[in-house]
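Note sheet for the following structure.
The values are calculated or read from the model by the stated rules, or taken from the named source; none is laboratory data. Nothing here was measured: the structure is a model prediction, and the numbers come from that model. Don't worry about glycine lacking a Cβ; one is built from the backbone with ideal geometry, like all the others, and counts go over all protein chains shown.
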């Protein structure tokens, strides 16, 4: 089996406050035995529509996984819908009735008559025991393909999922699995990344074990997701490692992570390697740069302090930024950002100082310095960098992109320092 | 229009770590103009499958909403798929090309050739301007039905959604809608909120226009979602207003918002009303409290500065916390939190000072002060509050809950001050 579709049944999943999260765990387990999820659907308690969806899914995919709609009430339509779609009549399974009666009796209750519905089984289906509830799951072979029904509550669904993967799917997978790597890139647009990467990954698609590539624009960074489907884990890891190396060569220092680490983790690692400490002076980011740095466990080893100088007075008092510099160049300017970075480093007595100033909006912009203008300065031993950017978006997006620029500038400065030594 | 289906396009949404969350906001807005969502699908970047899904959706529902797949790369198949499904040829729209070129030029860049793909439009489609990105949205009438294409990034999608609902869907709705209010509560558990609210909202269900209530535990706060479905907006608003008043009386000062405002907005409003400024001294939250305060537009009116004293040296140097206090009580203690708050207020010369210290983990805990222990102090004119809590969860959860406690403590102190005056 290579492809699957997941259908979550339940009208409550179509309201503005609920998401189908079962599909994440199901996807993870199916991927691990080499099955790709092609489609996910959420549908209400509507028998005819569910039946149509099952029919359509079987024309496209090898495995159809349904979750939910196995309860005892009239709303619970999954059994009927699947019976209709596969033209298999429903029959009562006396062993299921007995098991449900037992569950009720253990709690000192009598089984309500409606629970009998949960014992109705399409002819030929295998019953999957529910260790945490009354609704059993069902597995139905359809030639080379299969349909499987799980209850909706995650604690009832998950033990059945484990069982099905272990006993029914893994043996048919021939050991195939899907393996992934993610490359993260800073300071580039999606189109630039696509133009640079496309000639490389189009070659990989032609290989005996093709590598699939997806480009994702996350806030302030571009991600390249690579995946390989193969029966040999060693081959997969080697293929992906070679692919990552090729992309790293093409993108150079723009790649900040190929092992899942976030930008703040990478910066932390570089600081730790040098045993350098950092102090950050922030204006428009309002503490976000330091908050992100301190999201990393153990960051107290290299984070000394942060100074959020939101007012001009705070910039002079805390960071010794000269008043006349602010008057001459404005608070959002390269000289002020640099003075903030130097003030942070010198007052804290640390190797690396960062200054971030800008106009997060919606107010405060001007023709010369529109909303979104951000200046970042980083100073280190015998090195400094100042960069001015203009970011799109509203206040919180500008703040985030500014924090990303600040962290990325620290990263590039530390890399440069490392290569100078080498 | 009565029914809709949502199709989210993007292979990354079929991996074990990503969910389509756009559909929640879309559902909320469609419900508000009386349109029910019948089906939600997530599909990969596969032109033929997307085309088939659009055809099938149009046989069932009045409106088909697609999100994602409008980028400039080969992976972005939504335009082509819809053009195929509706048999409408794609044509380049020179106004879109011009607008995209402009966006690139504003950032000092040249438009890459591949971005031209984003200007391809199925014949007869109306273009929905993208104020936050390059990919325009599209609206296509199909007899009584319609297909609408939105970009995937939420900040690009949402303004277009608002526009489409306001200009195209609301006029066709015949006035029926679902109306909602959200009450936000701080400092209470979900079960406490349920116990307090249940006797109240069970009565509402019996009314001629029943109010449905859902209790949601969000990080650091509990939300009560109330909704009413009716054709009379006035009746809905009156019913909901009475319900909110009843819950506010039951929960007292624990309710911090019933108008959609976040905790940081509420705190900002209270500071602004008093014309007081605030300075925040943070240790374990690492700048998060100040970053949240400065997420609010106009916050420079009342935020003076922030001091992230991550090291003990920073606590003494920046905040004048006496060394012997740290030695005697430990950095995570009520005397130190109070000294931090006082130091912040006095060095900045402002009315309100906040001190936050704690153990975010995973390291640094002890038997007496386990990971998750957080102390918050707030000082104001003739008032002060100190609170110690222990929060569950990993580092980032502890940080967030600590920031929530700090903001809530400021809010309660300001409310108390206001009631003393009254």
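Looking only at residues in region B:371-382 that are under 25 Å from residue B:348 (Cα atoms) and in contact with a helix residue (DSSP H, G or I) (Cβ under 6 Å, 6 or more places away or on another chain), which one is surrounded by the fewest Cβ atoms within 10 Å (Cβ to Cβ)? Within region B:371-382, the match that is surrounded by the fewest Cβ atoms within 10 Å (Cβ to Cβ) is B:380. Take the conditions under 24 Å from residue B:221 (Cβ atoms) and within 11 Å of chain A (Cβ to nearest Cβ) and apply them to residue B:396. Does it pass? For residue B:396, the condition - under 24 Å from residue B:221 (Cβ atoms) and within 11 Å of chain A (Cβ to nearest Cβ) - is met. Counting the residues of region A:183-203 that are under 24 Å from the mean Cα position of the chain (by Cα) and within 18 Å of residue A:230 (Cα to Cα) gives 1. If I filter region B:285-296 for residues that are more than 7 Å from chain A (Cβ to nearest Cβ), surrounded by fewer than 24 Cβ atoms within 10 Å (Cβ to Cβ) and touching a residue at least 24 places away in the same chain (Cβ under 8 Å), do I get at least one hit? Scanning region B:285-296, I find at least one residue that is more than 7 Å from chain A (Cβ to nearest Cβ), surrounded by fewer than 24 Cβ atoms within 10 Å (Cβ to Cβ) and touching a residue at least 24 places away in the same chain (Cβ under 8 Å), so the answer is yes. One residue alone among B:243, B:253, B:249, B:275 is in contact (Cβ under 8 Å) with a residue 60 or more places away in the chain, away from chain A (no Cβ under 14 Å) and surrounded by fewer than 17 Cβ atoms within 10 Å (Cβ to Cβ), and that residue is B:253. Scan region A:78-96 and give yes if some residue there is farther than 30 Å from residue A:173 by Cβ, in the same structural domain as residue A:44 (by TED's automatic domain parsing), surrounded by 14 or more Cβ atoms within 10 Å (Cβ to Cβ) and within 36 Å of the chain's Cα centre (by Cα), otherwise no. Yes, some residue in region A:78-96 is farther than 30 Å from residue A:173 by Cβ, in the same structural domain as residue A:44 (by TED's automatic domain parsing), surrounded by 14 or more Cβ atoms within 10 Å (Cβ to Cβ) and within 36 Å of the chain's Cα centre (by Cα).
Quick check on this structure: which one of A:344, A:309 is under 23 Å from residue A:274 (Cβ atoms) and under 35 Å from the mean Cα position of the chain (by Cα)? If you could, list the steps in order and put the result at the bottom.
Working: A:309 fails: under 23 Å from residue A:274 (Cβ atoms).
On inspection, the qualifying residue turns out to be A:344.
With the structure loaded, tell me whether residue B:339 is over 24 Å from residue A:315 (Cβ atoms), more than 27 Å from the chain's Cα centre (by Cα) and modelled with pLDDT of 95 or more or whether it fails that test. Yes: the conditions hold for residue B:339. In this structure, is residue A:270 surrounded by fewer than 23 Cβ atoms within 10 Å (Cβ to Cβ), out of contact with any strand residue (DSSP E or B) (no Cβ under 9 Å at 6 or more places or on another chain), farther than 23 Å from residue A:192 by Cβ and at pLDDT 95 or above? Here the answer is yes, as residue A:270 does meet what is asked. The numbered conditions (1) within 24 Å of residue A:350 (Cα to Cα); (2) modelled with pLDDT under 95 are all true for residue A:406 except (2).
Checking B:35, B:7 one by one, the residue that is closer than 22 Å to residue B:236 by Cα and buried (at least 20 other Cβ atoms within 10 Å of the Cβ) is B:35 and no other. Filtering region A:1-14 to residues that are closer than 18 Å to residue A:154 by Cβ and at pLDDT below 90 leaves only A:12. Within region A:352-383, the set of residues being farther than 22 Å from residue A:398 by Cβ and more than 34 Å from the chain's Cα centre (by Cα) comprises A:381, A:382, A:383.
Count of region A:215-227 residues, restricted to those that are crowded, with 20+ Cβ neighbours inside 10 Å and at pLDDT below 90, is 3. Remark: residue B:71 matches the filter, which requires a residue to be within 32 Å of the chain's Cα centre (by Cα), surrounded by 21 or more Cβ atoms within 10 Å (Cβ to Cβ), over 13 Å from residue B:8 (Cα atoms) and in the same structural domain as residue B:14 (by TED's automatic domain parsing). When region A:83-117 is filtered for residues that are in contact with a helix residue (DSSP H, G or I) (Cβ under 6 Å, 6 or more places away or on another chain) and part of a helix (DSSP H, G or I), the ones remaining, listed by number, are A:84, A:85, A:96, A:97, A:100, A:115. Looking only at residues that are more than 14 Å from every other protein chain (Cβ to nearest Cβ) and in contact (Cβ under 8 Å) with a residue 12 or more places away in the chain in region A:332-350, which one is nearest to residue A:267 (Cα to Cα)? My answer is A:341. Screening residue B:375 against (1) touching a strand residue (DSSP E or B) at 6+ places or on another chain (Cβ under 9 Å); (2) within 14 Å of another protein chain (Cβ to nearest Cβ) leaves a single unmet condition, (2).
Please find, within region B:389-399, the residue that is farthest from the chain's Cα centre (by Cα) out of those that are buried (at least 19 other Cβ atoms within 10 Å of the Cβ) and in a helix (DSSP H, G or I).
Step by step, filter region B:389-399, then rank; the result is B:395.
Among the residues of region B:183-213, those identified as crowded, with 18+ Cβ neighbours inside 10 Å and part of a strand (DSSP E or B) are B:183, B:184, B:185, B:213. Every condition in (1) crowded, with 24+ Cβ neighbours inside 10 Å; (2) farther than 22 Å from residue A:273 by Cα; (3) within 14 Å of another protein chain (Cβ to nearest Cβ) is met by residue A:407 except one, and the failing one is (2). Residues in region A:130-142: is at least one out of contact with any helix residue (DSSP H, G or I) (no Cβ under 9 Å at 6 or more places or on another chain), over 25 Å from residue A:11 (Cα atoms) and modelled with pLDDT of 90 or more? Within region A:130-142 (the criterion being out of contact with any helix residue (DSSP H, G or I) (no Cβ under 9 Å at 6 or more places or on another chain), over 25 Å from residue A:11 (Cα atoms) and modelled with pLDDT of 90 or more), the answer is yes, since at least one residue qualifies.
I'm checking my understanding of the structure. Among residues of region B:297-331 that are in a loop (DSSP other than H, G, I, E, B) and buried (at least 23 other Cβ atoms within 10 Å of the Cβ), which one is nearest to the other protein chains (Cβ to nearest Cβ)?
Checked region B:297-331; the qualifying residue nearest to the other protein chains (Cβ to nearest Cβ) is B:310.
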